[in-house]
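What follows is a set of notes on a single structure, which appears directly below.
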Amino acid sequence: MPAIAAESAPGITFVTAVRNRTENLLQALPTWIERPEIDEIIIVDWHSDEPVAQSLADAGLTDPRIRIPRLVADEGWHSPSAFNMGLRLARFDKVLKIDGDILIKDGFFEKHMPSPGRYIAGNFRIVEKHEIHINGTVFLHRSDLAKVGGINEFKVGYGWEDDDFYERLTRAGTAREDLDAKLVFHVPHGDETRVPPARTASARDQIMARPAFDVRRNRYIMEFMPDWTGKRTLPAFQLKVAPDGSETVARDGPDTSVVPPFVLARATDMCLRIYLSHRLGQDVLGLDEPFLAPLLDKPLAELGPDDVAAALAAQEAAGGPAPSPTARM
């Protein structure tokens, strides 16, 4: 598969990626097909249980502009890898990266059209709560996309890759324009499609089942890991095109974006401490791992400041450090 090239033919490519959840795509896709400005619609099928091509055929959704490259091996959902695959296959110089649950409304292209050095993106900070998931919609020029090397694949679980992408674009000198939220619509669905539910009532599992936990942890992971830039070599994939035009993709080398276990463990520990400190106070930050772990094993609803005080006393009695009341956290 090619790298993300800076130059290509004039036109607009839509890029989305899905693994199952095609019921949302079936609502969004007709609003994309209606737009004559679009030259190509790439739907990366990241090994859905039922092939996306079959789901669209069953729904009667066809259009010659649609391409559906399908990952042939089940690797589990990883949105940056899936979207980067679509971005690498795009044939036109303007690319709209969009989630499969975002509908496009009339007037979108009349108001929004990127140029080299300027990108247009959703902004969760300035919209109503029900609109925050338009944050992943971004319309930009291929030359700016190539500068930053696409989406950061040092992501684990859910969230933050979009804001990381925008920060890197801005640092590379690309000016940001906020997307008009009135011109798109996000098909609502619950958080259970974003993060797995908590396995137990423990504080650890309850905290880690929050989308906000994954978002914060990915922010730390991406700060710990090397910068993701246009100079980075993206993972190797082999693209095969069948005589009927259908496309399949298979990994053709090692995954070069795996986060080392010690980085993941450190980011996880930091986020658990921060969220527990919001609930129980900053003394939690003074606990060593052997005295923090038993707290995290307890039900979150039953924990209080007295539990932290007892753990700190046990730590000090065992010869461990006691937090200084004058220390700056």
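Taken over region 40-60, the residue count meeting the criterion of being small (G, A, S), open to solvent by 30 Å² or more (accessible area, probe 1.4 Å) and either free of Cβ contacts under 8 Å to residues at least 60 places away in the same chain or part of a loop (DSSP other than H, G, I, E, B) (or both) is 3. Just one residue in the set I126, I134 is of a type in the set (A, V, I, L, M), buried (at least 18 other Cβ atoms within 10 Å of the Cβ) and in contact (Cβ under 8 Å) with a residue 24 or more places away in the chain; that residue is I134. Given the structure, is M208 open to solvent by less than 40 Å² (accessible area, probe 1.4 Å) and touching a residue at least 12 places away in the same chain (Cβ under 8 Å)? Against the criterion (open to solvent by less than 40 Å² (accessible area, probe 1.4 Å) and touching a residue at least 12 places away in the same chain (Cβ under 8 Å)), M208 does not qualify. The set of residues in region 216-251 being touching a residue at least 24 places away in the same chain (Cβ under 8 Å) and touching a strand residue (DSSP E or B) at 6+ places or on another chain (Cβ under 9 Å) consists of P235, A236, F237, Q238, L239, S246, E247, T248, V249, A250, R251.
Of the residues A314, A327, A242, the single one that is modelled with pLDDT of 95 or more and of a type in the set (A, V, I, L, M, F, W, C) is A242. Just one residue in the set E23, E37 is at pLDDT below 95 and either open to solvent by 10 Å² or more (accessible area, probe 1.4 Å) or not in a loop (DSSP other than H, G, I, E, B) (or both); that residue is E23.
Residues in region 61-113 that are open to solvent by less than 20 Å² (accessible area, probe 1.4 Å) and in a loop (DSSP other than H, G, I, E, B): P69, A90, I98, G100, D101, H112. Over 27 Å from R19 (Cα atoms) and over 19 Å from the mean Cα position of the chain (by Cα): does that describe F262? The answer is yes for F262. Would you check if P10 is open to solvent by 50 Å² or more (accessible area, probe 1.4 Å) and in a loop (DSSP other than H, G, I, E, B)? Answer is no for this residue.
Would you check which residues across region 290-300 are open to solvent by less than 90 Å² (accessible area, probe 1.4 Å) and in contact (Cβ under 8 Å) with a residue 60 or more places away in the chain and list them? Residues satisfying the conditions are L295, L296, K298, P299, L300.
Candidates are the residues of region 219-245 that are part of a helix (DSSP H, G or I) and touching a helix residue (DSSP H, G or I) at 6+ places or on another chain (Cβ under 7 Å); the one that is least open to solvent (accessible area, probe 1.4 Å) is I221. Hey, any hits in region 146-156 for a residue that's assigned to a loop (DSSP other than H, G, I, E, B), touching a Phe, Trp or Tyr at 6+ places or on another chain (Cβ under 7 Å), among the β-branched types (V, I, T) and at pLDDT 95 or above? Taking every residue of region 146-156 in turn, at least one turns out to be assigned to a loop (DSSP other than H, G, I, E, B), touching a Phe, Trp or Tyr at 6+ places or on another chain (Cβ under 7 Å), among the β-branched types (V, I, T) and at pLDDT 95 or above.
The values are calculated or read from the model by the stated rules, or taken from the named source; none is laboratory data. From a predicted model like this one, the values you see are computed outputs, not experimental measurements. Quick reminder, even Gly has a Cβ in these numbers, built from the backbone with ideal geometry, and neighbours come from all protein chains shown. Accessible surface is based on the protein model in full, side chains and every heavy atom, while ligands, DNA and RNA are left aside. Shrake-Rupley method; radii C 1.70, N 1.55, O 1.52, S 1.80 Å.
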